[in-house]
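Novice: Can you keep this structure in mind? I'll have questions shortly.
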Amino acid sequence: MSDADDISGLESALAERARKLSEEHLINGRQARELMLAETRQRLQIDEEREVLSAKTRDERVYQQRVQAAELELRGGLDRLRRELINTALPKLRERLSALAADEALYLPLLREYLRECAQAIERDELVAQFNARDVQRVQQNWDQYAAEIAPGKRLTLSPEPLSCIGGVLLVSADRNIRFDNTFEGRMERLGDSLQSAIAERMLAQTGEAKNG
């Protein structure tokens, strides 16, 4: 074989090698392109999902804030309504208590129970009872018998100093160290929260019944 044939064969081999390398580069390039596209699509999908999740989280947070704000506003409105109802009802309650105190048939047995409750609660034998001026007139005539029936075994003294109250009794120990305020006002103060809640519930129920009717 001549040198010319050797050179020609070498050129053909080099050309073939170059063609194969070129095809390999093209294949690798296409594969790399497909891989890059797949990775890009995956990143875009992840970013989109994150954005959707973030938007949902923001919307949920905004919704919760609006719900909380509405709840606070509603609670504030209910509290204001409750106070208004209580302020409206308390004067009427005082009027009813005044009417009760004027009705001896209903009031005097209640007054006896109030005094008995005080006497049993105070662990002293010497006690002083205070009433308003009208009740002093009611009980003073037969006080000794009245007191003995209510608190046997204890000595109850009737104070000549009248209280300024609608009704009920204030009982104190002789040494003034213990007192039990069982006047209407004292009981209203002692039961303040429960009384106000009961008034508000009753008034709200009546309001609802009026609307439904």
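The values are calculated or read from the model by the stated rules, or taken from the named source; none is laboratory data. All values reported here derive from a predicted model rather than from experimental measurement. Cβ: placed from backbone, ideal geometry, glycine included. Neighbour counts: every protein chain shown.
Novice: Would you confirm whether or not region 177-184 contains a residue that is surrounded by 12 or more Cβ atoms within 10 Å (Cβ to Cβ), modelled with pLDDT of 90 or more and either of a type in the set (A, V, I, L, M) or not in a strand (DSSP E or B) (or both)? Before the answer, list the steps.
Specialist: Of the residues in region 177-184, the ones surrounded by 12 or more Cβ atoms within 10 Å (Cβ to Cβ) are 178-184.
The next check asks that each one be modelled with pLDDT of 90 or more; those that pass are 178-184.
Now narrow it down to the ones that are either of a type in the set (A, V, I, L, M) or not in a strand (DSSP E or B) (or both): 178, 184.
Yes; the residues of region 177-184 include at least one that is surrounded by 12 or more Cβ atoms within 10 Å (Cβ to Cβ), modelled with pLDDT of 90 or more and either of a type in the set (A, V, I, L, M) or not in a strand (DSSP E or B) (or both).
Novice: When you scan region 159-175, how many residues do you find that are assigned to a loop (DSSP other than H, G, I, E, B), within 15 Å of Glu126 (Cβ to Cβ) and of a type in the set (Gly, Ala, Ser)?
Specialist: Number satisfying all stated conditions: 2.
Novice: Mind listing whichever residues of region 130-153 are closer than 11 Å to Val169 by Cβ and in a loop (DSSP other than H, G, I, E, B)?
Specialist: Within region 130-153, just Phe131 meets the criteria.
Novice: Looking at Leu108, Leu127, Leu156, Leu97, which is the one that is modelled with pLDDT of 80 or more, in the same structural domain as Gly186 (by TED's automatic domain parsing) and in a helix (DSSP H, G or I)?
Specialist: Exactly one residue qualifies, and that residue is Leu108.
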